[in-house]
1. A:Thr363 fails exactly one of the following numbered conditions: (1) surrounded by fewer than 24 Cβ atoms within 10 Å (Cβ to Cβ); (2) within 12 Å of chain C (Cβ to nearest Cβ). What is the number of that condition?
2. Starting from residues that are in a loop (DSSP other than H, G, I, E, B) and small (Gly, Ala, Ser), keep the ones in the stretch C:220-250 and report whichever is surrounded by the most Cβ atoms within 10 Å (Cβ to Cβ).
3. Within the stretch B:60-72, does at least one residue satisfy the condition of being surrounded by fewer than 19 Cβ atoms within 10 Å (Cβ to Cβ), in contact (Cβ under 8 Å) with a residue 40 or more places away in the chain and of a type in the set (A, V, I, L, M)?
4. Which fully enclosed helices (runs of 4 or more DSSP H) of the stretch A:416-513 have 1 or more residues being more than 23 Å from the chain's Cα centre (by Cα), at negative phi and in contact (Cβ under 8 Å) with a residue 12 or more places away in the chain?
5. Please note which helices (runs of 4 or more DSSP H) are completely contained in the stretch C:365-452 and include at least 1 residues that are in contact with a Phe, Trp or Tyr (Cβ under 9 Å, 6 or more places away or on another chain).
6. Which one of B:Leu79, B:Leu46, B:Leu99 is crowded, with 20+ Cβ neighbours inside 10 Å and closer than 24 Å to C:Leu313 by Cα?
7. With the structure loaded, tell me whether A:Gln133 is surrounded by fewer than 24 Cβ atoms within 10 Å (Cβ to Cβ), more than 7 Å from chain C (Cβ to nearest Cβ) and not hydrophobic (A, V, I, L, M, F, W, C) or whether it fails that test.
8. Residues of the stretch A:153-164 being crowded, with 24+ Cβ neighbours inside 10 Å and either modelled with pLDDT under 95 or part of a loop (DSSP other than H, G, I, E, B) (or both), which ones?
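The values are calculated or read from the model by the stated rules, or taken from the named source; none is laboratory data. In this text, all values refer to a predicted model and were calculated from it rather than measured experimentally. Please note: Cβ atoms are built from the backbone with ideal geometry, for glycine as well, and neighbour counts cover all protein chains shown.
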Amino acid sequence: MSVNQSGWRPAMGEATGGAQATFTGNRALMLEEALIFEIGSAETTGVDIDEAPKVASRLGNHARKSAIGLPGLSEPEAVRHYTRLSRQNYAIDLGLFPLGSCTMKHNPRLNERMARLPGFADLHPLGPIDTVQGALEVIHQLAHWLVTLTNMDSVAMSPKAGAHGELCGILAIKAALEKRGEGHRKVILVPESAHGTNPATAAFAGFTVKDIPATADGRVDTQALKDRLGPDVAGVMITNPNTCGLFERDLKEISDAVHAAGGYVYCDGANFNAIVGRVRPGDLGVDAMHINLHKTFSTPHGGGGPGSGPVVFSKALTPFAPLPFVEQQDGRFVLVEEETAGEHHADSFGRMVAFHGQMGMFTRALSYILSHGADGLKQVSEDAVLNANYVLRSLEGTLDAPFGSSGPCMHEALFSDANLAQGFSTLDVAKGLIDEGYHPMTVYFPLVVHGAMLVEPTETESKAALDQFIGALKSVGERAKAGDTALKSAPHFAPRRRLDETLAARKPVLAWKEPVAPVAEAAE
Amino acid sequence: MSRYFTQEHEWIEVDGEVATVGITEYAAGQLGDIVFVDVPEEGKQLTKGDDAAVVESVKAASDVYTPASGTVLEGNAALADNPALVNEDPEGEGWFFKLTLRDDSELEELMDEDKYAAYVARL
Amino acid sequence: MRYLPLTPTDRADMLATIGADSIDALFVDVPESARLDGPVPGLPNHASELAVERHLSALAAKNVAAGSVPFFLGCGAYRHHVPASVDHLIQRGEYLTAYTPYQPEIAQGTLQMLFEFQSQVARMLGCDVANASMYDGSTACWEAVTMARRVTRKVKAVFSGGVHPHYVSVAKTMAKFTGDVLDTTQPWLVAETDDDRLIEKIDADTSCVVVQYPDILGRIPDLQRIADAAHAVKALLIAVVTEPVALGAIEAPGNLGADIVVGEGQSLGVGLQFGGPYVGLFACSEKLVRQMPGRLCGETVDAEGKRGFVLTLSTREQHIRREKATSNICTNSGLCALAFSIHLTLLGEKGLRQLAEVNHAKACAAAERLAQVPGVELVNDSFFNEFTLKLPTEARPVVRELADRGVLAGVSLGRLYPGEDGLANGLVVAVTETVTEEDIEALAAALTEVLA
């Protein structure tokens, strides 16, 4: 017989030890990756470019004289660089992503495929109108869905993101007031639980922001709001469901009072996903609301944009909506721009962006909406609310739930740091969750709760996924209540430990620079 | 020389006509690591309660109000390079700006050291 | 419903845990008058993946895709070849389905990419620092104007006639509400940019001068001269770049005295997409950084001393500053910035220069050929990959007729400046590496026929 000539005998090794530093700094599948400026070179390229025809230059005296300083990588190096970097990111595709108010739901891949159809992706925004009829029809169909789901009068599709949509709504309110000769109305009322973007937007448009307090059960103080109404009030900006995850029961009553006092109601639609298909904001007296397509309608967040923030308008504000927009005339779709707006849209407040908005996001959102349909969207909000309430009730014995007794929550569950051990903070719970393999919930927002933890599971999580997450958060929460000091230095298992944000802000390094060679000690 | 305090946690130390303004140790502690300070320019006219300076930590930006009216003599240039001075020595080297006072009587409404200590103890 | 994991049994179990007898009990706070009995009326119900694909494919087929015909459109959006690996990489779920990197320990991929992007953009535009991107070029341009107002404490912005009319239109809309004063003008259909007239308009009240480079007609202004004139009265020069590939061939604006350089980054990695999403570029000198809008990524170290990256200087932003924020912007265009960065990394210095060279050479060849069409005149002396033709007749109907003949010939100035008779005969033609000799010949032949 031949006796195992290779000498290969599987062995288990010792179960302990082995945590020493590696030569590369890598830890098996956890790979370190240098910057492109450190691994690339100015002579390398990953793109083969066809030879240029020989012609005399027409650059005049503008030709570049200096080097740019851009490193290049060959294709295999580039694919590896970006693949390795990607593995240092948490993502919805990897697990539950409970960021409250951000709505991190599954991003269907059908949407990606649809947006990449050459008829949409390879289409110029200034192409002759007859060559882009299908694209205009997509915008028109999506607009119809948005208007119908909200029971509003019209929708402006061009705003590029939620905050941009807010700006759109506020500018329409301002234009409407000016048209009425009431430009002196300068005050916008904003509940103290609002997104920080609301006051920023109002201030940008020249309004003065007045805070409206919250009640003990986490809603707008309706009486305080009514008391503040008057001839100087332009309107209110209100989020519904609000940032505590609660439905503003009095919104209709508030809208009626605001209208009676001559103001307009802006609704921040960031949380529309909790009620889509089940409640129509138009039925609550809203005059304008932005819809984050990247939240409610699942267009990908992409590591921070691009978003898309169409704004639906009531009849009162429709005439002031921005350009451009799509209209159907005699079976043909047309783009209403500056040229033709004068005819029957003379009150439009103007253009907010070059071109027509986030077409790539419209296609994705329409694909999502068509997939769900009216019945599916109703199920979406119901499951989102069910999941959030399940999390709330499963965890309220562990973490303090300041509005737990205010009734059911909507799409997100709010907790505070009230019962953590002395010296332990929301940040420690968040970083502890990272070691459990989760992205943390939204922390320190809304500001009305100390050490807020806002958990939004979304409807695309299974019960099993929720149960595991609840178990993890219970475990971390109990450790924070018991004063487990290991939490103070968490995360321990992530690609990086806690990062020094103070250093980053005190001595900002915002671009790569060639390392300066160490200055040799002056020779004696 | 005497030192007064505001409910917004500024301190002001008066030496003849000239006063020095900063934020209290309590305020610096609440803000955490200070990363940036924007101080007023020389010659700027301030009225009591005006936004006079900005102090930023990593996660918060706060306005600093002047406790008294007057004309700015100088801002603390050292804070530009070393904002950490506000954490290290808030009521000394970490001062924000000096001004010539317009109206001494404004100081009467402010707290003295004992009153401020009692005020902070209640927060 | 394929995207909803809960089963009826799950739902019943969960309601029991919650202590609610039905899903309606969870919506109890919705007032009676706003409750619906069933799905929103007037809308169809759910559809299979196949059905949705069929529906949208039919709509897509009604459009004339740029790649299917000879194609010469530009004016702020350019068709370039994007390497296959770019689209593959940005579709990795770790990028596509990540959030803004607020938890840096588990977002180093996005953060390092943004740091690289910022560094690439800063170098390309010739500035010290760049932000992590804006919505698009037009909003970046307006943000630059407001930044100049904050820096100089003056409110008059002087625009060159060569700035993209949509960008000017956006600024005009915003200025109506902010009180900024804009001095704007149309371009003239002549070879020279309006540098002299622009310089004449600069005065002590001017906060900034806004110049597009190359401009809407493809001409290249003399930035250094304008910068000197602006700086003489403590105004800033804002340079607007709508075709970043040009910077592989012409000098970076930051090296020519521009204080703020903004741009549309769509040309690299992003694609045409009927106008969005795109990626705004924004760069400036280091000393202005605290007045800069938008997200910024910075280098730091972790608790073990390892290099890492975080979002920084966030107190400029609205989620902290509320009504005192530098801008209303609270996002960037992350995935488009990634596409831009990957494409630029694949190109590198060498590839970008070669790409620019091919664009320019093809545009020169096309300009020469088209100027031979009877009655057609080339307006530009200098240009990069885009130039303006003066036709013997209004260009707008000509463009439509050429589209009927299967040639997308360019952007008529009548479309961009309706009612401006002096511009109506102008046709702006962009020629990138995607254009072939046959395409140029097809355009020349069709144009000859239509004009005959």
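1. Evaluating A:Thr363 over (1) surrounded by fewer than 24 Cβ atoms within 10 Å (Cβ to Cβ); (2) within 12 Å of chain C (Cβ to nearest Cβ) leaves (1) as the failure.
2. C:Ala235
3. no
4. Numbers: elements: A:426-435, A:463-482, A:501-506.
Because the criterion is at least 1 residues that are more than 23 Å from the chain's Cα centre (by Cα), at negative phi and in contact (Cβ under 8 Å) with a residue 12 or more places away in the chain, the helices (runs of 4 or more DSSP H) in the stretch A:416-513 that meet it are A:426-435, A:463-482.
5. C:437-451
6. Exactly one of B:Leu79, B:Leu46, B:Leu99 is crowded, with 20+ Cβ neighbours inside 10 Å and closer than 24 Å to C:Leu313 by Cα, namely B:Leu79.
7. No; evaluated as a whole, the condition is false for this residue.
8. A:Met157, A:Ser158, A:Pro159, A:Lys160, A:Ala161, A:Gly162, A:Ala163, A:His164
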